[in-house]
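Beneath this line is the structure, given in structure tokens, with notes to follow.
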Amino acid sequence: MSETQTVRTKRRRATAFDEMRILEQEGRHGWHLVDFGPWRLDLEASDHPWQHLRLAWPSPAVLQALSESGWTLVGRWAWWAYLKRPTPPAESD
């Protein structure tokens, strides 16, 4: 994928009950969260897999520790914080 080409998609009807499953599935295929809102997830394509994390009421210390571990804060909504990080491909034996 070219660095100048950005491919985005929206997943509609995502709820608190299924959004993490959606993000896990999409992340395996190189899609990562770039924005979100009620009933939607905005995803961007990349050349590598991603991990996503949703935390309730994380403290600044927790967010700082996650940042130091490679996690990026995508945003907050109500009491939730959404984070992502690239996952390197599994190494072969």
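Miscellaneous remarks
- Picking from residues in region 1-30 that are open to solvent by 40 Å² or more (accessible area, probe 1.4 Å) and among the hydroxyl-bearing types (Ser, Thr, Tyr), the one that is nearest to residue 80 (Cα to Cα) is 9.
- Filter result for the condition that a residue is part of a helix (DSSP H, G or I) and surrounded by 12 or more Cβ atoms within 10 Å (Cβ to Cβ), over 55, 33, 66, 43: 66
- Candidate set from region 71-90 (those that are of a type in the set (Gly, Ala, Ser) and open to solvent by 40 Å² or more (accessible area, probe 1.4 Å)); member that is farthest from residue 47 (Cα to Cα): 78
The values are calculated or read from the model by the stated rules, or taken from the named source; none is laboratory data. All values derive from a computational prediction rather than experimental measurement. Counting neighbours? That spans all protein chains shown, and the Cβs are built from the backbone with ideal geometry, glycine included. Surface areas here come from the heavy atoms of the whole protein model, side chains and all, with no ligands, DNA or RNA. Shrake-Rupley method; radii C 1.70, N 1.55, O 1.52, S 1.80 Å.
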